[in-house]
């Protein structure tokens, strides 16, 4: 399987923040932002793997600044690292005041996407080749993030559950 460059998976989505996208204090709903993040990550991972993908995990989304009504919001992501069938995708969100031109990094996250074969089973993915300084840094630091994800997953107590419907 031939390796692919990070830039081949790069995906960019820009949207205008409209009234249905905002909460009661005039900023974009966090859930809407995370939906955009997941969508961009899925497209980037599909471009890289050239297969159907599913979201296996989303690292914490760090909201760094608000996105206001009327801003443009740009969500950009690319594959930073791969395992056998999994891909780490870095996604950043940038808000832009269209009148002043001021841009702010608004949120970042890492998602793990898994490629699937025609039977819905994990399928191999190509290695990733980083080129820019940002891509190289994220590629080099990915194994540590993967280790922390595995730790987090192993520490989750599956024996505990909340009652459903008050039962």
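Taking 25 Å as R0, compute the FRET efficiency from the Cβ-Cβ separation of residue 136 and residue 72 and round it to 0.05.
The calculated FRET efficiency here is 0.30.
In deg cm²/dmol, rounded to 500, what helix-only [θ] at 222 nm does the chain give when every DSSP H run of at least 4 residues adds -39500 (n - 2.57) and the total is split over its residues?
-9000 deg cm²/dmol
For the pair residue 84/residue 13, report the inter-label distance in nm, with labels modelled 7 Å from Cα in the Cβ direction.
3.1
Could you work out how much longer the chain between residue 62 and residue 127 gets when fully extended? Use 0.36 nm per residue separation minus the Cα distance between them, nm to one decimal.
20.7 nm
Evaluated at 25 °C with a viscosity of 0.890 mPa s, what Stokes-Einstein diffusion coefficient in µm²/s does region 81-136 have when Rh comes from the Kirkwood expression over alpha-carbon pairs?
178
Would you please classify the overall shape of region 41-91 from the alpha carbon gyration tensor, given that a ≥ b ≥ c denote the square roots of the eigenvalues, rounded means a/c under 1.5, and beyond that prolate means a/b larger than b/c while oblate covers the rest?
Prolate, since a/c reaches 1.5 and a/b exceeds b/c.
Over what distance in Å are the Cα centres of region 35-75 and region 1-26 separated?
6
Most exposed first by the Cβ proxy, i.e. fewest other Cβ within 10 Å, how do 65, 109 rank?
Starting with the residue having the fewest Cβ neighbours, the order is 65, 109.
Once fully extended, how much extra length lies between residue 119 and residue 5, figured as 0.36 nm per residue of separation less the alpha-carbon to alpha-carbon distance?
So the extension gain works out to 38.3 nm.
Values in this text are rule-based calculations from the coordinates and carry no lab data. What you see is a predicted model, and the numbers here were worked out from it, not measured in a lab. Heads up, the Cβs are rebuilt from the backbone with ideal geometry, glycines too, and the neighbour counts pull from every protein chain shown.
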